[in-house]
Amino acid sequence: MKILQIATGALLGGAGIAAYRLHKGLRAISAESFMLVSETRQREEHIVCPSSAFDKLAARFAPIFDRIPARFAKLPQDYISPSWVPDRLLRRIDNLEPDILNLHWVNNGYMRIETLPRFQQPVVWTLHDMWPFAGGEHYIGDSIRYKEGYSYRNRPAAESGLDINRWIWERKKKSWSK
């Protein structure tokens, strides 16, 4: 069985380190594990990162473009992931022909929300934060909007401008409904 670990980075941040350790542990027991990442600190045979000039350029600028919608919202949170930038994951995954996908932290312009339902393989998602079931937040704190739905009635008073968390949550709800 060919397992593909998909993460924004290998050995970058807590989730990238955890994904890399899982990948190395699987390889140590002779499992066929590969990593598909946007960037890595360590080049290895089974870590696949952008190789063409276009893909390297896209990997460099995707995080910058992904943050654009957050500029229209006035939020007290430090980090929001809109995940709206088009990606090339499907083509890259098809080239590797995995049997199963293990998603890790796939933000910072790496995976578009609408890409997930297009995967053909079974998906295991290792949750390194709360983003997969929240709006755009990575950590929710005391908020219960993710349980109630993101509406204007339960929006925190400290937020103004574009309700980016609602926009992101609605995209997830629509795309991931099946």
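Between the C-alpha center of region 84-106 and that of region 146-170 there is a gap of 29 Å. Each of Met130, Met1 was scored by other Cβ atoms within 10 Å of its Cβ. Arranged with the fewest first, they read Met1, Met130. Between the entries (i) 19.5; (ii) 17.0; (iii) 19.1, the label attached to Kirkwood radius over Cα pairs in Å calculated for this structure is (ii).
Checking the cross-link pairs Lys147/Lys174; Lys24/Lys56; Lys74/Lys178; Lys2/Lys172 against a 22 Å limit on the alpha carbon distance flags Lys24/Lys56; Lys74/Lys178; Lys2/Lys172 as lying beyond it. Relative contact order of the chain: 23 percent, from C-alpha pairs under 8 Å at least 6 residues apart in sequence. Within the chain, no whole DSSP H helix has Cα atoms reaching 27 Å or more along its own axis together with a mean Kyte-Doolittle score of at least 1.6.
Quick note: the coordinates plus some simple rules give every number you see, no bench work behind them. Everything numeric here is computed off the predicted structure, so don't read it as measured data. Neighbour counts are summed over all protein chains in view; Cβ atoms, including those assigned to glycine, are modelled from backbone coordinates with ideal geometry.
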